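Below: the structure, in structure tokens.
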């Protein structure tokens, strides 16, 4: 019979679940950071949202630099964290070495946390570029291991 | 041996598959709603799309308020529905109570359908904000249950 | 006992893993294409990125048409490839016919590669619209098969 890899008794999968959920929670915090900037800057995207502000005759805006910075960060998370997790689900049944797998998960998660700090403080480049590429390389490394295993 | 949770004979997983697919279909409808508004308002984003309109010398635009409203709604779906589904896949092997799981799935799906109506009619705030937070809380609740189980 | 479908010994799943990873790699290439256009056009979104250019007093911009074209393509990938993969994960345990499943995966992947070429060359419409709809129909077809099996 086939071995079951998607089970909590598989240490690799349990580690993956932890970093998957942690990465997604980090990503979802961007929604709250966007809302915070919208209220702080009175920069709302929709006419029906403007009324929540005390300022009279406020017009909607989608170009506030502080709001847009958080939103670009959020979109960058979507562009990178979601592929990492989907490739991660593909990687588990390939039965990788537990230690190599764990370090992929750790490195990816750390790179995305640092990417957020580099984007939001913001730090001088190439800080953000480096964190972005560490995350990308980790994901591509897992992708290649999957392709090798299924072919 | 390990119990298999990702199987149609597991009622929790079967319910998850139903709400996962339903949520994704709801999200994909946003693409068609965007296209509908683009044709209705003659607001196309690319020069090569403009020629499909009968209006002469039409210029591309990415700022039509009706098109952008649907697109913000679509992006909000991506920011919320995708994390819910990925956390859902992590939640299944944690073997939650079938009833509690089902109500998480139902509540989330309902909150996102109502969110779309609140966004597109549009309804006065805080309607949309409430539906957004119900979806967010449901997702975070599942995330916490996963973190507790794997640690 | 339950049959395990998420295993490399299941040919359908192995084919899915290949096309899933290939689609995600195609999508992630968009990040690099965006960066390439930003450097080529000196069109950076953030003040801290502008200093990487040799041009003095360069201001950040989020409206360069060549950069925005790649970004719209990237977002369209997210809106379509991610739902396809999530529905794909739901489709595997429904135990579809191996040949029908394989052709769904092949057709979807091919449609998204052609969509990128149609968007970036760009080709005259309805080229891009056709590739978009082939991908959408493939995804909806899998979604319907899942809904039928779980009900």
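Tabulated data for the structure shown
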{"read-out": "On Cα atoms only, tilt of C:127-150 relative to the major axis of chain C in degrees", "value": "40"}
{"read-out": "Inter-label distance for residue B:40 and residue A:14, nm, one decimal - labels placed 7 Å from Cα along Cα-to-Cβ", "value": "5.3"}
{"read-out": "Chain C, relative contact order in percent, only Cα pairs under 8 angstrom and at least six apart counted", "value": "27"}
{"read-out": "Rounded to 10°, Cα long-axis angle of helix B:65-91 versus longest principal axis of chain B", "value": "20"}
{"read-out": "At q = 0.11, 0.19 Å⁻¹, base-10 log of I(q)/I(0) for the stretch C:60-151 (Debye sum, equal scatterers on each alpha carbon)", "value": "-0.37, -0.86"}
{"read-out": "Shape category assigned to the protein assembly as shown from the gyration tensor of Cα positions, a/c cut at 1.5", "value": "rounded"}
{"read-out": "Computed label-point distance, nm, for sites residue A:129 and residue B:97 using a 7 Å Cα→Cβ extension", "value": "5.3"}
{"read-out": "On Cα atoms only, tilt of A:98-120 relative to the major axis of chain A in degrees", "value": "10"}
{"read-out": "Rounded, prolate or oblate (a/c below 1.5 giving rounded, otherwise prolate when a/b exceeds b/c) for the stretch C:1-120 by Cα gyration tensor", "value": "prolate"}
{"read-out": "20 °C / 1.002 mPa s Stokes-Einstein diffusion coefficient of the stretch B:111-151, Kirkwood radius on C-alpha pairs, µm²/s", "value": "193"}
{"read-out": "Estimated inter-spin distance, residue C:151 and residue B:120, nm [label 7 Å along Cα→Cβ]", "value": "2.0"}
{"read-out": "Cα gyration tensor category, rounded, prolate or oblate, for the stretch A:1-54 with a/c compared to 1.5", "value": "prolate"}
{"read-out": "Span from the the stretch A:112-133 Cα centroid across to the the stretch A:1-74 one, whole angstrom", "value": "17"}
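Read-outs: derived from the displayed coordinates by stated rules, not from any lab. Because the structure is predicted, anything quoted here is derived from the model rather than measured. Using ideal geometry, Cβ is built from the backbone for each residue, glycine included, and neighbour counts are taken over all protein chains shown.
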